[in-house]
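The structure under discussion appears below in the form of structure tokens.
Here, each number is a calculation from the coordinates, and none is a lab measurement. Because the structure is predicted, anything quoted here is derived from the model rather than measured. Virtual Cβ from ideal backbone geometry, glycine too; neighbours counted across all protein chains shown.
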């Protein structure tokens with residue numbers, strides 16, 4: 001019975017994602033505090049001269065066709081023209097595969113001592129493919145007129161914009177993805193607009209321990225999602241943390257920093273929502289390499305990704 005229920009729910013996931021009322025949402029990442037350019041291009045190149053970031057996430061284990069995605073981010077700061085970056089997502093859900101690729105740009109100004117404002121822009125394409133070979137229609141003679149009768153491929157342009165403000169230990173940002181679309185005109189060909197808000201504050205307890213609480217708010221598809229996190233860093237060598245995604249999951253995070261440049265992180269989501277009886281949670285792992293910016297080159301340095 002549970003197996004049949006998991007299959008039914010899996011099919012419903014695909015139907016919702018392929019329907020004409022709601023289009024696919026942006027991905028949810030538990031390690032969002034390490035890959036901010038995935039939702040706000042204003043973070044591009046802020047804090048590091050160069051960074052490469054690779055993440056993989058398997059969501060809702062136990063469901064057939066549950067989300068599986070990988071992300072790749074490469075960004076850095078240039079000397080004169082601002083931050084440049086590339087962000088790529090390969091997202092597979094059921095019978096659907098979506099590849100998103102954007103080029104990111106940011107430009108920041110120092111408004112005062114220890115106060116920096118950065119604006120960001122990202123433009124790219126979304127390649128969305130639906131494979132109907134696994135579709136099962138209840139009526140094989142008269143198929144759903146709103147359903148697919150052939151494999152479908154859509155290439156969709158997308159534009160994202162964002163702002164980021166850093167004031168000493170406080171970092172706050174806001175962004176909008178897929179700005180050309182909204183919930184009313186969202187469809188298979190158009191993803192709904194998403195709005196993000198983000199705030200993070202660093203609390204240094206001496207030289208060896210730092211607490212970094214953060215809050216992420218996302219609005220999209222007529223739904224608001226709130227996620228809070230606190231990570232604790234020890235000797236700039238490793239961290240442990242916990243998050244709560246409202247009405248969905250509790251998350252544990254852990255990671256290690258090697259030679260101050262290589263970051264390896266893992267998180268596990270334990271579901272607390274309606275589907276907690278049918279899933280074994282979600283796993284996420286990432287690998288990042290960073291080259292820090294020399295603070296003496298700019299006169300002001302505020303790392304948006306970790307702490308000073």
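Each residue in the range 240-254 was checked for being under 12 Å from residue 33 (Cβ atoms) and surrounded by fewer than 21 Cβ atoms within 10 Å (Cβ to Cβ), and 0 pass. With respect to the conditions (1) more than 21 Å from residue 263 (Cα to Cα); (2) touching a helix residue (DSSP H, G or I) at 6+ places or on another chain (Cβ under 8 Å), residue 126 falls short on a single one, namely (2). Just one of the numbered conditions (1) surrounded by fewer than 16 Cβ atoms within 10 Å (Cβ to Cβ); (2) touching a residue at least 12 places away in the same chain (Cβ under 8 Å) is not true of residue 109: (2).
For the range 33-104, please list each of the strands (runs of 3 or more DSSP E) lying entirely inside it that holds at least 2 residues being without any contact (Cβ under 8 Å) to a residue 60 or more places away in the chain. Per the criteria, 68-77, 83-93. Pairs are defined by a Cβ separation below 6 Å, a sequence spacing of at least 6 or placement on different chains, a first member in the range 255-266 that is without any contact (Cβ under 8 Å) to a residue 12 or more places away in the chain, and a second member that is surrounded by 12 or more Cβ atoms within 10 Å (Cβ to Cβ); no pair meets this definition.
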